[in-house]
Amino acid sequence: GLEGWALVLSWVGMKGWKKLWPCLSRCVEAPVVATVAGAVVREARIRHLRNHHNFLANHKGNRRCDECELILPDHCLCERLGPLRVDRGELRHPNVKFVLLTHITERFIQRNSGKILSMVLPNCEVEVLEDDSDLATRLASWGRTMVLYPCASAVPMTPEIPTQADTLIIIDSTWQQAKRIGRKIPAEFQRVSLDPSAPSLREQTAEGRLSTIEAAALVLAEAGEPKSVVDRVWEAARLHTAAVIERKPNMQQDDEARRVKRDEKRREAVQRRRQKRGLSPLPDPE
């Protein structure tokens, strides 16, 4: 069946799939090609997510927290986030729901801050985006929906915005992924933009960009939420950033160790080939 073909074709990778596409489109009807293509992409995404999650969870015997996704026990933030949790009664707009539209490949990444936001805000939930084919239907099901996304048609975030919406969508992904998702959201859903007044706590690829939790903190501030609520969200962002930065040196050391081991294997392979050809072995590296 189509799912079987999708599983087989997904193993060739995206480069192989691009090569097969013209041939397949000439031999098979367009609806069938589209169905197979969708199944291939879904299977590839799910397999990538599963492999990525298993690698991080089992890497060098480390175990990750099921809630914050950070390494146990040194980097887990669950206990430190406890005092920062916001009660629904503290919010001026408790009925406005924050929905994090999280890209499937971002769900289990340690540097993803969306999950930290969902642990602090009571009116925040995570919606994992596995397939965007029914994106418009899902957005419409959340009532009056607005999307936090910078574009020419976006209106600035003001204290009046929460009174005009039931749900505020925040795209929780990389910037390249957010651009693709933003283009697929129908124009009927009003876009809302921010004017970043403070630099990001972490290194960004361009000026004015923020992490998910930082953007949410600015939304709360410009929506007129109490300062105590905004400060706690910012503190959660600082804790998460510090945990990710603290983890980076260990990750860099692991990358260096893998590079050295890879170079050793390549050198051994070269030595074996030279030996088979009767050539003198390479000198040992200094």
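The values are calculated or read from the model by the stated rules, or taken from the named source; none is laboratory data. No experiment lies behind these values; they were computed from the predicted model shown. Virtual Cβ from ideal backbone geometry, glycine too; neighbours counted across all protein chains shown. These accessible areas exclude ligands, DNA and RNA; they are computed on the full protein's heavy atoms, side chains included. Shrake-Rupley method; radii C 1.70, N 1.55, O 1.52, S 1.80 Å.
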Taking the stated definitions as given, is GLY224 of a type in the set (Gly, Ala, Ser), open to solvent by less than 30 Å² (accessible area, probe 1.4 Å) and assigned to a loop (DSSP other than H, G, I, E, B)? yes
Among (1) closer than 17 Å to THR212 by Cβ; (2) in contact with a helix residue (DSSP H, G or I) (Cβ under 9 Å, 6 or more places away or on another chain), there is one condition SER118 misses while meeting the rest; what is its number? (2)
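Yes/no per residue for (1) among the small types (Gly, Ala, Ser); (2) open to solvent by 80 Å² or more (accessible area, probe 1.4 Å); (3) assigned to a loop (DSSP other than H, G, I, E, B):
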site: LYS179; (1), (2), (3): no, no, no
site: PRO186; (1), (2), (3): no, no, yes
site: ASP195; (1), (2), (3): no, yes, yes
site: LEU210; (1), (2), (3): no, no, yes
site: GLU214; (1), (2), (3): no, no, no
Of (1) of a type outside the set (D, E, K, R); (2) without any contact (Cβ under 8 Å) to a residue 60 or more places away in the chain; (3) out of contact with any Lys or Arg (no Cβ under 8 Å at 6 or more places or on another chain); (4) open to solvent by 20 Å² or more (accessible area, probe 1.4 Å), SER133 satisfies all except one. Which? (2)
Out of region 144-158, which residues are open to solvent by less than 70 Å² (accessible area, probe 1.4 Å) and over 25 Å from GLU106 (Cβ atoms)? VAL155, THR158
